[in-house]
């Protein structure tokens, strides 16, 4: 067994880590928005090609926003926990 000793974080380093965590959280939100945009473009292309009807298109868009919104909420909660 290997024992590791971690020194307590100094305030400056702690603030740097929090800043990095916030940055990663923002990047994940941007990535999720890009995913939503890309999926919506695919759905609209399918609608245009009459592979999907308008009602299903709206339902799928809402479902995608809901799922992505849940993940954004999870990321926000994780960032808040790590700030403390």
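The values are calculated or read from the model by the stated rules, or taken from the named source; none is laboratory data. Owing to the predicted nature of the structure, the values given are computational and were not obtained by experimental measurement. Positions of Cβ are backbone-derived with ideal geometry, glycine not excepted, and every protein chain shown enters the neighbour counts.
Rundown of residues vs (1) free of Cβ contacts under 8 Å to residues at least 40 places away in the same chain; (2) surrounded by 11 or more Cβ atoms within 10 Å (Cβ to Cβ); (3) not in a helix (DSSP H, G or I), yes/no style:
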position: 14; (1), (2), (3): yes, yes, no
position: 30; (1), (2), (3): yes, no, no
position: 34; (1), (2), (3): yes, no, no
position: 78; (1), (2), (3): no, yes, no
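Can you tell me how many residues within the range 60-72 are more than 13 Å from residue 39 (Cα to Cα) and free of Cβ contacts under 8 Å to residues at least 12 places away in the same chain?
3
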Report task. Just need a number here: residues in the range 36-59 that are under 30 Å from residue 82 (Cβ atoms) and without any contact (Cβ under 8 Å) to a residue 24 or more places away in the chain. Result -> 2
Query raised in the report: Pick from 83, 41: which is out of contact with any strand residue (DSSP E or B) (no Cβ under 7 Å at 6 or more places or on another chain) and at pLDDT below 85?
Result: 83
Query - Enumeration of residues in the range 36-58 that are surrounded by fewer than 11 Cβ atoms within 10 Å (Cβ to Cβ) and assigned to a helix (DSSP H, G or I) - result: 37, 38, 41, 48, 54, 55
